[in-house]
Amino acid sequence: MSGNEEGTNMPSFPSLFGTDDDSLFDNYDTFIPKHNPMPDRFLEGHDVLTGNDHVAFHRLTRELFEERKVYDMTFNYNLARLNLDTRHKNAGYRYAVERNNADDAIDSEGANRVLRAEFTPTTPFCPQTHTLTIGSFRAWNGLSDRHEYDLVRVRPAPMHHQSDAISDQLAELEQTYLETGDVTTKPEDSAEIGSSPMERTMQNEGVSQGSPDAPF
């Protein structure tokens, strides 16, 4: 589907749905709440982006995901486009600016800007959730000079059957990134999560988690 999307140079893969009808997608310049997933547990108590704020960050996300090859192999498009796919109105990313906890004792003038990103897949058993969330984390934080946040934290929505295990690995990646600035570290026991044949193939080929040639 991405072959017809303006500004993309994504390789073409056959779509399992056999269509590339742009009328099925919302525009990147619009925010339609009922066509986006509801914010869930990871975004609770934080400032959820809506309207132009959501649109602005999601447009940037499209660019970063395109550069780092974060795309959905099932639907054959940049993962950012999932939010716009009217066939999957409750899937995609929602974002929230993290509120600093009083216990953090961070000076308000020097407080880090942290964005939370919560990914809701199309099904509770989506085999790509593991690689897509890790790929998203690496894209946002590996290209942090392109946005205003010091850290983008990523989690899958709790509806996914492996959300806890995937969240643990993403937390591990966060800690390594904060300590070293490295987004390429592979989490422990990574192969044991999302280990369907499709997932293992994508991990071996570097799809969504970043190809060996990607500038991570």
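The values are calculated or read from the model by the stated rules, or taken from the named source; none is laboratory data. The shown structure was predicted, so the numbers you read here are calculated from the model rather than taken from an experiment. Cβ: placed from backbone, ideal geometry, glycine included. Neighbour counts: every protein chain shown.
Structural remarks
- Within the stretch 47-60, the set of residues being surrounded by fewer than 17 Cβ atoms within 10 Å (Cβ to Cβ) and in a loop (DSSP other than H, G, I, E, B) comprises 50 only.
- Any hit, the stretch 148-158, residues being part of a loop (DSSP other than H, G, I, E, B), more than 23 Å from residue 99 (Cα to Cα), out of contact with any strand residue (DSSP E or B) (no Cβ under 6 Å at 6 or more places or on another chain) and not basic (Lys, Arg): no
- Qualifying residue in the stretch 67-77 (condition: at pLDDT 95 or above and surrounded by fewer than 16 Cβ atoms within 10 Å (Cβ to Cβ)): yes
- All positions within the stretch 137-168 that are surrounded by 21 or more Cβ atoms within 10 Å (Cβ to Cβ), farther than 16 Å from residue 63 by Cα and polar (S, T, N, Q): 163
- Of the residues making up the stretch 140-179, those that are touching a helix residue (DSSP H, G or I) at 6+ places or on another chain (Cβ under 8 Å), hydrophobic (A, V, I, L, M, F, W, C) and within 19 Å of residue 112 (Cβ to Cβ) are 140, 143, 151, 152, 154, 170, 173.
- Residues of the stretch 147-165 classified as of a type in the set (Gly, Ala, Ser) and in contact with a Pro (Cβ under 6 Å, 6 or more places away or on another chain), total: 1
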